[in-house]
Amino acid sequence: MVVSTGQVVGSWRAAWLRVEGSWAWYRRYWKSNLYSSGLQPLLFLVALGLGFGSQVQAGPATGGVSYLEYIAPALLVSAAMQSAVGESTYPVLSGFKWQKDYLAVTATPVTPGQLLGGHLLWVALRLLLSASVYALIALAFGAWLNAGALLVILVGILTGLACAAPVTAFAATTYDEGVRFNALFRFVVIPMSLFAGTFFPIGQIPIALRWLAWISPLWHGNELARGVTLGGVGPLAMAGHVAFLAALLAVGVFFARKYFYRRLVL
């Protein structure tokens, strides 16, 4: 990305210039990201949805549908969450500390806020690509009941961004070698993937611990995803889930922007 000194760059154009730079890198190394962004959730779908799921009878716990149809939307959202967090940890820290391309970008008329916008736009595009590939292949397995699968892609992007923004802020305050990210993955991302309603209803979790699922963005994303494909979620509940994710995204953007400016300007 090259911007001549003194050139006035609009906010959106500057953000898209950052996306263009990320795309120039990605088109050369996309194969190395294929497993984590596309194949991993599909392997879970085959192993659990078709393998283990063949032993699970449809009932109240699955909303009266097969286990494959029950976990398919949640696996898309869970994969989007994990991918978004991954894109917002070490790559962000590298921009500040190792490759230091964030310093190079903000030496041009591109501001730290525009740089952050470009990062989140790039995460959204990555999620759109991987979620679309997953949705198409899952269609071949008969995992979707209706066209609500298209809305599940949007839910996955929203959930991923709601996680990416605060994690980006967290990464912007990291000055070591990223040791804190190990705790983030071990104590937040993995438990959230397992116990936020992806593989079984959270009603199976003891009531004393159930609140941990309620405050996790992945649970809200899972409920939205199942609501647009399987039904059973009222409009007020759907609006509440969207509001929670939107609020988390807004708070994350606020703090990420603050820390980007603090680290790159002050």
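Overview of values
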quantity: Filtered residues of segment 239-266 (kept if touching a Phe, Trp or Tyr at 6+ places or on another chain (Cβ under 7 Å) and crowded, with 20+ Cβ neighbours inside 10 Å); calculated: 264
quantity: Residue in segment 74-86 that is free of Cβ contacts under 8 Å to residues at least 60 places away in the same chain and either among the basic types (Lys, Arg) or in a helix (DSSP H, G or I) (or both) present; calculated: yes
quantity: Any hit, segment 198-221, residues being polar (S, T, N, Q), surrounded by 13 or more Cβ atoms within 10 Å (Cβ to Cβ) and under 30 Å from residue 115 (Cα atoms); calculated: yes
quantity: Those residues of segment 87-128 which are buried (at least 16 other Cβ atoms within 10 Å of the Cβ), out of contact with any helix residue (DSSP H, G or I) (no Cβ under 7 Å at 6 or more places or on another chain) and assigned to a helix (DSSP H, G or I), in sequence order; calculated: 91
quantity: Which listed residue is of a type in the set (Gly, Ala, Ser), at negative phi and in contact (Cβ under 8 Å) with a residue 60 or more places away in the chain, from 208, 256, 239; calculated: 256
quantity: Checking residue 184 against (1) of a type outside the set (Val, Ile, Thr); (2) surrounded by 14 or more Cβ atoms within 10 Å (Cβ to Cβ); (3) more than 20 Å from residue 90 (Cα to Cα), the condition it does not meet; calculated: (3)
quantity: Residue in segment 167-190 that is closer than 30 Å to residue 147 by Cα and touching a Leu at 6+ places or on another chain (Cβ under 7 Å) present; calculated: no
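Every number here is computed from the coordinates shown, using simple stated rules; none is lab data. Model, not experiment: these values are computed from the prediction. All Cβ positions, glycine included, derive from the backbone under ideal geometry; neighbour counts span all protein chains shown.
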